[in-house]
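The values are calculated or read from the model by the stated rules, or taken from the named source; none is laboratory data. None of the values given here were measured: they were computed from a predicted structure. Virtual Cβ from ideal backbone geometry, glycine too; neighbours counted across all protein chains shown. With ligands, DNA and RNA removed, areas are computed over all heavy atoms of the protein, side chains included. Shrake-Rupley method; radii C 1.70, N 1.55, O 1.52, S 1.80 Å.
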Amino acid sequence: MMKTMILFTVLFGTLLFQMGCTEPYQIETVDYENVLVVESTITDQVKPQIVKLSRTSSLDNTDVLTENNATVTVVGNNGDNFSFFQDNETGFYISNQSFRAQPNASYTLNIITQDGKRYTSSTVTLPPSVEMDEVYTERIVSPTDDKDGVQVLVNTQDPTGNSKYYRYEYEETYKITAPNPSRFITEITNYNLNTGTYDVELIEREPEEICYSTEISTGITQTTTTELNENRVFRFPVRYLSKLDAKIQTRYSILVKQYVQSVEAYTFYKIVKDLGSIESLLSQGQPGYVAGNMNAEANPNEKVLGFFEASSMTSKRIYFNYEDFGLGKPPYFVDCEVLLLDYNDNTTLDNDPDEREALYYYVTSKNYQVIRLAQGTIYTVVPPECGLCTSFSSNVRPDFWED
């Protein structure tokens with residue numbers, strides 16, 4: 001049964017910003033179509049560049065349908081020709097060699113899908129590079145917005161006036177200290193179904209107490225200076241953290257990335273955001289799409305979702321602790337209940353749970369960690385996140401980390 005979806009078709013020739021405004025766009029309703037999704041930004045940083053390809057899905061399917069086995073190349077008018085391979089883990093297409101977009105060169109993305117269809121982007125050029133002046137934090141208390149915490153802000157200025165459109169992303173890394181680190185690996189052996197007896201073996205290990213997690217921003221964060229008296233981004237908010245956010249419980253770092261965009265790229269992303277795609281272009285469950293700068297060579301009327309852009313990028317990293325703002329220590333990520341369970345208590349006749357059965361259940365089914373053994377039979381156990389931070393994070397210290 002064919003699904004229907006609303007398709008938002010945008011003709012970019014009529015959507016260029018003038019004084020920060022856009023022209024109206026058309027909205028049409030058609031039958032659901034299987035549409036190619038393209039998402040790629042090549043930058044002026046020497047690194048493996050990435051192209052993401054997928055397919056739209058029906059509204060009741062939120063899975064990302066990766067487009068596999070495509071041939072992907074980026075071609076420059078300066079003679080550059082870069083090919084891409086598909087990464088088995090992510091499904092992304094990654095350039096075979098590191099490269100950077102060059103000033104005064106133009107680039108085109110070419111795609112050949114496994115069924116032989118060819119897609120080509122409009123030609124894109126690299127906007128001028130603008131360094132971020134400052135990434136900094138401030139304590140923010142706003143009863144009207146129900147905010148009380150830390151705001152990460154950006155200041156940027158382009159005295160030349162050539163760069164007016166900016167997009168921001170961030171990578172946040174935070175240190176985790178397990179509140180009840182376990183120094184045991186627990187193994188349950190010789191379980192007897194008839195008697196409910198079993199052996200508990202505790203193997204000594206180094207407690208995995210310190211971990212580090214990294215998360216990448218989602219959504220679309222942009223700003224423009226077209227409506228301002230000066231070409232300056234001032235106190236632009238890129239990340240807010242509540243005073244109760246467990247990510248700032250120990251130490252927190254954020255790497256803010258600033259992308260200078262063309263007016264066409266800015267327009268595309270702004271409309272995607274305004275129409276409700278709050279995660280990324282790969283949210284195929286959205287009830288429509290915005291036509292970008294990708295075209296099918298054989299059929300110009302075939303709809304393609306996505307945008308290929310070249311963008312100059314700069315980044316800055318900062319660190320902070322909750323104490324820097326006079327805040328109290330936020331609560332941990334989970335409620336760390338501590339249970340004392342006696343192996344010798346194997347009855348409910350004393351109006352108390354069968355603790356032997358409970359111990360077996362929590363250790364084998366819930367992965368609770370033993371943090372203490374008393375009197376040979378009384379085990380103190382906690383949820384895995386509280387006793388073993390590697391149950392949800394990594395104990396590998398990032399190369400860039402500073403304490």
### Per-selection metrics, the chain (Cα): Rg and Dmax in Å
26.8, 84
#### Entry: Part-to-part distance (alpha-carbon centres) for region 338-389 and region 193-241, which is given in Å
30
## Note on the structure
Restricted to the chain, the DSSP antiparallel beta bridge percent, nearest 5, is 90
### Query
If we sort 119-127, 336-344, 352-360 on the protection proxy, mean other Cβ atoms within 10 Å, highest first, what's the order?
119-127, 352-360, 336-344
### Query
For TYR168, what charge total do you get from the other residues with a beta carbon under 10 Å from its beta carbon, if Lys and Arg give +1 and Asp and Glu give -1?
+2
### Task
With an 8 Å cut-off on Cα pairs and a minimum separation of 6 or more residues, tell me the relative contact order of the chain in percent.
20
### Message
Counting heavy atoms of the protein chains only and a 1.4 Å probe, report the per residue accessible area for region 303-403 as a whole number of Å².
### Response
51
### Task
Taking the Cβ of GLU297 as the centre, find all other residues whose Cβ is under 15 Å away and add up their charges (Lys, Arg: +1; Asp, Glu: -1).
+1
### Query
Contour minus end-to-end for PHE85 and ALA358, with contour as 0.36 nm per residue of separation and end-to-end as the Cα-Cα distance?
93.2 nm
### Message
For the chain, what does the helix formula give at 222 nm: sum of -39500 (n - 2.57) over DSSP H segments with n ≥ 4, over the residue count, nearest 500 deg cm²/dmol?
### Response
-2000 deg cm²/dmol
### Task
Could you tally the net charge around LEU153, taking each other residue with its Cβ under 14 Å from the Cβ of LEU153, Lys/Arg +1 and Asp/Glu -1?
+3
### Query
Averaged per residue, what accessible area in Å² does region 92-137 show with a 1.4 Å probe, protein chains only?
49
### Summary
Taking protein heavy atoms only, a 1.4 Å probe, and rounding to whole percent, the accessible area of the chain owed to carbon and sulfur comes out at 46
